[in-house]
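Heads up: the structure comes next, in C-alpha cells.
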Amino acid sequence: MNYHWNWGIFLEPVKSGDETYLDWLITGLGWTLAVSLTAWLLALTIGIAVGALRTTPSRLLVGLGNVWVELFRNVPLLVQMFLWFFVVPEFLPRDWSLWVKQEMPAKEFVTAAICLGLFTSARIAEQVRAGVGSLPRGQRDAALALGLTLPQAYRQVILPQALRIVIPPLTSEFMNVFKNSSVAFAIGVLELTFQARQMQEDSEQGIETYLAVTLLYFICAFTANRGMAWIEARTRVPGLIARSG
Amino acid sequence: MGEFDFSVWGPSLPFIRDGLLFTLRLTLVAMSGGIVIGTLLALARLSPIVPLARLAGAYVDLMRSIPLVLVILWFFLVIPYITGSPVGAETSAIITFTAFEAAFYCEIMRSGIQSVPRGQLNAAHALGLGRAQSMIHVILPQALRNMLPVLLTQTIVLFQDTSLVYAIGAKDMLKAADVVGKNYNRPVEMIVLSALIYFAICFSLSLAVKQLQKRVAIIR
C-alpha cells in the first residue's frame, strides 16, 4: 500500500481551467439531482396511470399496461439509454431527427431524464397494481354502487387508498432513481459518476474522489428516504395502515 | 428517418457470441458466489453475536445504498492495491459482482430463513440436531426452496446489470456490439440487436420464473 493521500485535492484547480475539483463535483451533484427529480416526476405520473390501467376490467388496457411493464423491465437500463440516445432519433421524421441531433438544448439531460423516467414508471406501475389489488373488493363495488363512474371511483376512492399503501415500496424506488441516474454517465450527462471518472483521471486521487462521491450519493438516498417517511407520516390514515401493516 | 442496414448482424454474430459467453459466465459466477456468501451474511445478520450481526448489516446496507456503477469503479481502483498487481477488467468485474450481489442475495436468504416456521427449528432440536446441523439440514433447504423464484428474479436483474461493466471496458456482450457497431459504422443496428437479445433472454427467463413460482406455491 503506497497510496499518496491528499485531502486538499478538492480545492486544487483542475489541470485545464480555473475550476477546482470541488466545482466539478458540485456541477455533478446538480445534474444528478436534475436528472433524478425530473425522471421521478415523469415516472410517478406515468407509473400511477399505467398501474391503474392494469387493474381495470378492460382486457385491452390490462394487456397494454402489461406490454409497457415487460418492455421496460427486460432490457438493461444502460441499453435503454443507448436506445433513446442513438436509436430513437433515427426513427423520427427527418426534420425532427435533425433538430434532436443538432439543436435540442441539453440533449443528454433530456434523453437521460426521459429514459430513466420511463424505466422507473414500469416499476412504479407494478407497485401501484399490487397496491390496488390489495384493497378490499368492497371499496370498488361500494364506489360504483354509489353511482360514481369508474374513473371517478379510481380518483376518489381507489387510488387515494392504494397510493398510501404503496409508499414504502415507492420509497425504495425513489432511492433507486438516484442510484440509477448514475448510468446516465454513459451518454455524457455531466452527473456525479461522470465527474468522478473525470476527476480520478485528471487528479489521480481516486480514493478521495470516490469517497466524496459515495458520500454525496449516500446523502441523496438518505434525504430521499427521510422525505418519503415524512410524506408517509403526513398522509397516514390510521385505521387503514394499522390494518394493512 | 435514417437508412438502416441490418446485414451487419450476420458478421457480428461470432463477436456477440463471445461477449454473451462472458456475460453468462459473469452472471453464473456472481450468482453462485453471491448466493453462498449471501447465505453466510444472512446467517451472520441473524447471529446472536451482536458485533458480527452489526458488521454484516453494515456491509449489506452500504452495498445497497450506492450505485452499482460506482461500486464497479471502486473495486477496479482498489483491488490492485490489495493484490499488489493490476487485474484485468474481466477479473475485477467478477469479484465486484460477486461481492455486490451477495448483499442482495443476503436479504433474500434472510427473509427466507425467517419465513420458516419456528416449529421446524424446535422439532430439529428435539430430534437431537445441533444448531449447525438443524440450520444445514432443516432450515436452509426450506428457505432456499421458498425463495427460489425470488433468487432467480434477482439473477435476471443481475444478468441485466452486468452490462454496466461498460464503465471499466470489460468485454461483455454490449461491449462486443459496441465494437462491431464502430468497426462497421453501424452503431444503431448493433444497439438494436443487443436490446433484442437482452429482451429475449430476460423475458423468457421471467416467464419460466412465473411457472416455477406457481409450482413452488402449490407444494407449500
> Alpha carbon centre of the stretch B:1-39 versus the stretch A:8-34: separation in Å?
Replying inline: 36 Å
> Given the C-alpha centroids of the stretch A:62-137 and the stretch B:123-168, what is the distance between them in whole angstrom?
Replying inline: 33 Å
> Just going by the charge dipole of the stretch B:11-219, with Lys and Arg at +1 and Asp and Glu at -1 on Cβ, which of B:A99, B:M135, B:L28 is farthest out on the positive end?
Replying inline: B:M135
>> Taking each residue in A:205-211, count the Cβ atoms of any other chain within 10 Å of its Cβ, then average. What number comes out?
In response: 3
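Kindly state, to the nearest 0.05, the FRET efficiency for A:L33 paired with A:L11, given R0 = 30 Å and r defined as their beta-carbon distance.
Numbers: r = 23 Å, r/R0 = 0.75.
So, using R0 = 30 Å, E works out to roughly 0.85.
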>> Based on alpha-carbon centroids, what's the gap between the stretch B:82-115 and the stretch A:184-243 in Å, whole number please?
In response: 21 Å
> In the protein assembly as shown, with Lys and Arg counted as +1 and Asp and Glu as -1 at Cβ, which of these residues, A:S97, A:L41, B:L148, has the Cα nearest the positive end of the dipole, that is, farthest along it?
Replying inline: B:L148
> List the chymotrypsin sites (Phe, Trp or Tyr not before Pro) in the stretch B:1-89 that DSSP assigns to loop (not H, G, I, E or B) and whose Cβ has at most 15 other Cβ atoms within 10 Å. Which are they?
Replying inline: B:F4
>> Using all alpha carbons of chain A, what is the percent of pairwise distances in each 5 Å bin, ordered from the shortest bin to the longest?
In response: 1, 6, 11, 13, 14, 13, 12, 10, 7, 5, 3, 2, 1, 0, 0, 0
> By its C-alpha gyration tensor, with a ≥ b ≥ c as the square roots of the eigenvalues, how is chain B shaped: rounded for a/c under 1.5, else prolate for a/b larger than b/c, else oblate?
Replying inline: oblate
> How big is the protein assembly as shown by the Kirkwood estimate over distinct Cα pairs, in Å?
Replying inline: 24.5 Å
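Hey, got the average number of other protein chain Cβ atoms within 10 angstrom for residues in A:181-190?
Shielding by partners across A:181-190 averages 3.
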> On a 0 to 90 degree scale, rounded to 10, what angle separates helix B:89-115 from the longest Cα axis of chain B?
Replying inline: 40 degrees
>> Please list, in order, the residues from the stretch A:209-227 whose amide nitrogen is less than 11 Å from a point placed 7 Å along the Cα→Cβ vector of B:L77.
In response: A:209-215
> What is the magnitude of the charge dipole of chain A about its Cα centre, with +1 placed on the Cβ of each Lys and Arg, -1 on the Cβ of each Asp and Glu, and no other charges, expressed in debye to the nearest 20?
Replying inline: 1640 debye
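Find, among the trypsin sites (Lys or Arg not before Pro) in the stretch A:1-99, those assigned to loop by DSSP (not H, G, I, E, B) with at most 15 other beta-carbon atoms within 10 angstrom. All intermediate terms of the calculation are to be shown ahead of the outcome.
Values: sites: A:K15, A:R54, A:R59, A:R73, A:R94; in loops: A:K15, A:R54.
In loop regions of the stretch A:1-99 (DSSP not H, G, I, E or B), the sparsely surrounded trypsin sites (Lys or Arg not before Pro) are A:K15.
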> Cα-Cα over 28 Å: which of A:K15/A:K101; A:K101/B:K175; B:K182/B:K210?
Replying inline: A:K15/A:K101; B:K182/B:K210
> What does the charge add up to near A:E173, with Lys and Arg as +1, Asp and Glu as -1, over the other residues with Cβ less than 11 Å from its Cβ?
Replying inline: +1
> Going 7 Å from the Cα of A:E70 in the Cα-to-Cβ direction, what parts of the stretch B:187-205 have a backbone nitrogen less than 14 Å from that spot?
Replying inline: B:199-205
>> Sequence gap at least 6, Cα distance under 8 Å: using those rules, report the relative contact order of chain A to the nearest whole percent.
In response: 29 percent
> Which net charge results for the neighbourhood of B:P67, defined as the other residues with beta-carbon distances under 12 angstrom from its beta-carbon, given Lys and Arg at +1 and Asp and Glu at -1?
Replying inline: 0
>> Rounding to the nearest 10 and keeping the result within 0 to 90°, find how far the Cα-based axis of helix B:9-45 lies from the longest principal axis of chain B.
In response: 20 degrees
>> With angles folded into 0 to 90 degrees, how steeply does helix A:206-234 sit against the dominant principal axis of chain A? Use alpha carbons for both and round to 10.
In response: 20 degrees
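Just so you know, all these numbers are worked out from the coordinates, no wet-lab data involved. On a predicted model such as this, the values are computed, not experimentally measured, just so you know. Don't worry about glycine lacking a Cβ; one is built from the backbone with ideal geometry, like all the others, and counts go over all protein chains shown.
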